[in-house]
Structures are given as C-alpha cells and as structure tokens.
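Written below as structure tokens is the structure these notes are about.
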Amino acid sequence: MVSDAPFALLFPGQGTEAVGMSTGWDGHPDWREVVATAETRSGFDLEAWMREGPESELRAPRQAPYAVVAHSVGLFRAHRAAGMPLPRVATGHSLGFYSAVVAAGVVSLEAVLELVDAVEDASAQAFGPGTHGMAFVIGLSERELREALEGQPDLALSNLNGRAQFTVSGPRPALETLLEAVQGRALKCGLLPVQHPLHGPHMVPLVPSLARRLAAWKPRDPEFPLLSHATGALLTTGAACWDEALVSVALPVCWVPVASAVRAQVEAAFECGHGAQLANLTRWAERTLAVKSLQDPAALAAWGAAG
C-alpha cells in the first residue's frame, strides 16, 4: 500500500459516521487523544457511540460532525506517528474540509469544533426545525437536473459530486416536489438526514456571524497546501485556508474539478476517514486517480516498513 511516490489526502464529510468506526483505533494513543479532546469540549460520549452506538446518538445533527472530524484527525495523527510523510496536497468534502485544515496545522481541533457549533447554532436560529434540508439525485445529467430546477427558484444545486451525482438544498416542501418530479427518471433520489440547506445561497447570510464568532482564532500557514472543495484552486496560506472553511457552508462542493486538481498533483490518494465515500465519488469523477483507505489500523505498520 505504501510507496515513496507523493500522494494526496482526502477527508470525508458527514454521513461517514457509523457504529464500529473506532474498531482497532480505540487503543491507539494519538487517536484517543483527539477523540478525548472532542469529548471534553462537547460532553458527548463519542468513543462509546463510535464503538457500540446507539446509532441514533452518533448520527444526531449535533454529534455526527464531532465524530467525523475527530475520527479523521485521529487517523491522520496516528498515521503520522507511525511514519506517514506529509501529503503533497490535501482537501476535504464538505465537513471534511474542517478535518483538512486541522491536519494541515492551520487551526486547532478546538477551532473547527467551535466552527461546527457556530454553523449549527446559526442554522437552527435561521431555519425552523424540519423546514429546510438537502436531497440527493443520482443518475441524471447536470443539464437534466438544472432543467428540473428551473421551476424551483427556492432550490440550489449544492453538491456536484460526479457527472451524475448531485445534491440540492432548500426548503423541504420544494425538495419533496423536486423528488416527485425526477424519481421516475433518476436512478436513485431521496432526502438526506440533514436539517439545514448547506452549500447553497440560503447559508450566505449566516457567514458574517460565523466570521465574528471565530475571529479570535488566528490561522497559520498550512504544512501542506489544501485545495478548495468548491473550485479545486490551490490554497497555500493560512488566511486562504481558514477563509475557505468559514465560507464553505455557503459554497457548493464541486468534486469533479477537485478530483482533476488532485490528479494533476499526484497519481494516488488516501481517504483519511471511515468508509469509502470519497473513493466512490472520485472513481466517477477522475477514473485515473487511485484512492485507498487509511481506516485499517494494519496499515500503520506499512509506514514503518517503508521507512
């Protein structure tokens, strides 16, 4: 699995949390230290939920982001302690970009957990419970989906995950109307388990309050460059990386240009998180980019052998 060739790191987002994700990691000191930090800040029993559930607690809107970020950052630090070199470049999908800025040393874990809380607090105040959300549509072309959206001005195309994999954000009734319109043509579609219209214009008015709340955290230049998850642009300064994190909830995720930008830098990437969310997305977006996983603790020994 390990070679001397430069590689990229890809950090997955929400939806990758699952009971059993901590298997093999709960005895690793670097992983446990990160999770303990997140538990101390939140009061959540993250390690127990990751190990044995209940799934309803692990996947609750307030808890899931903590679990995803803590697990990914814990994996990164455990692999680094085992001898993994720094990547040539890194990025994250949606919430995964928060994990990337911590891994790159731009801000602390505590800073992005405060950002997670700020997004949730501002969203809860702006949108009533059950009034907004996101839907996924698989199997339609972008043109076909945009045509379906022409009669839905309150909806926004929020994630372009592949050439036929998308999410849409907006008011819940409009999302349900859209799903009724496309379900006969789409391969698969449905509502996502989120309560806010992320990665779309509905979130734009919230950005100033997020910036004010996070103003005390001063970014440092990254130890390795990051890529914008909206454009694939290279981010080389702490200010650019942190600004991207602060506005990311209002920026669409466009994984096709991101995957192309990664491929322009390297021939291989590692997914630093649970599951295969980004391996699957990248396979459809950039077929020539190989994506392997860092989830298996057995991979730690390979870094030492390579060194």
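The values are calculated or read from the model by the stated rules, or taken from the named source; none is laboratory data. None of the values given here were measured: they were computed from a predicted structure. Here the Cβ positions follow ideal geometry from the backbone for every residue, glycine too, while neighbour counts run over all protein chains shown. With ligands, DNA and RNA removed, areas are computed over all heavy atoms of the protein, side chains included. Shrake-Rupley method; radii C 1.70, N 1.55, O 1.52, S 1.80 Å.
Points to keep in mind about this one:
- Boolean, THR237 is at pLDDT 95 or above, touching an Asp or Glu at 6+ places or on another chain (Cβ under 6 Å) and surrounded by fewer than 22 Cβ atoms within 10 Å (Cβ to Cβ): yes
- None of VAL102, VAL73 is closer than 15 Å to LEU226 by Cβ and either basic (Lys, Arg) or touching a Cys at 6+ places or on another chain (Cβ under 9 Å) (or both) except VAL73.
- Restricting the range 141-165 to residues that are surrounded by 18 or more Cβ atoms within 10 Å (Cβ to Cβ) and within 20 Å of the chain's Cα centre (by Cα), the residue that is farthest from PRO12 (Cα to Cα): ALA156
- Flag if LEU278 is within 18 Å of ALA103 (Cβ to Cβ) and in contact (Cβ under 8 Å) with a residue 24 or more places away in the chain: yes
- Criterion applied to VAL68, VAL107 was being of a type in the set (Val, Ile, Thr) and surrounded by 24 or more Cβ atoms within 10 Å (Cβ to Cβ), and the one residue passing it is VAL68.
- Test for ARG41: is it of a type outside the set (Phe, Trp, Tyr), more than 24 Å from ASP296 (Cβ to Cβ) and in a helix (DSSP H, G or I): yes
- Residues that are in contact with a helix residue (DSSP H, G or I) (Cβ under 8 Å, 6 or more places away or on another chain) and more than 25 Å from THR231 (Cβ to Cβ) occur at least once in the range 167-181.
- All positions within the range 279-293 that are among the charged types (D, E, K, R) and touching a helix residue (DSSP H, G or I) at 6+ places or on another chain (Cβ under 8 Å): GLU286, LYS292
- Hey, GLU114 surrounded by fewer than 21 Cβ atoms within 10 Å (Cβ to Cβ), within 24 Å of the chain's Cα centre (by Cα) and among the acidic types (Asp, Glu) or not: yes
- Of the residues contained in the range 258-267, one or more are found to be assigned to a helix (DSSP H, G or I) and free of Cβ contacts under 8 Å to residues at least 24 places away in the same chain.
- In the range 240-266, the qualifying residues are those that are β-branched (Val, Ile, Thr) and farther than 18 Å from PHE7 by Cβ, and the one that is most open to solvent (accessible area, probe 1.4 Å) is VAL247.
- Flag set for ALA48, criterion: among the hydrophobic types (A, V, I, L, M, F, W, C) and modelled with pLDDT of 95 or more.
- Here LEU281 fulfils each of the conditions (1) in contact with a Phe, Trp or Tyr (Cβ under 6 Å, 6 or more places away or on another chain); (2) closer than 26 Å to ALA118 by Cα apart from (2).
- Pick from the range 1-58, criterion of a type in the set (A, V, I, L, M) and open to solvent by 60 Å² or more (accessible area, probe 1.4 Å), ranking: farthest from the chain's Cα centre (by Cα): MET1
- Within the range 166-178, the only residue that satisfies the criterion of being touching a Gly at 6+ places or on another chain (Cβ under 7 Å), open to solvent by less than 80 Å² (accessible area, probe 1.4 Å) and part of a helix (DSSP H, G or I) is LEU175.
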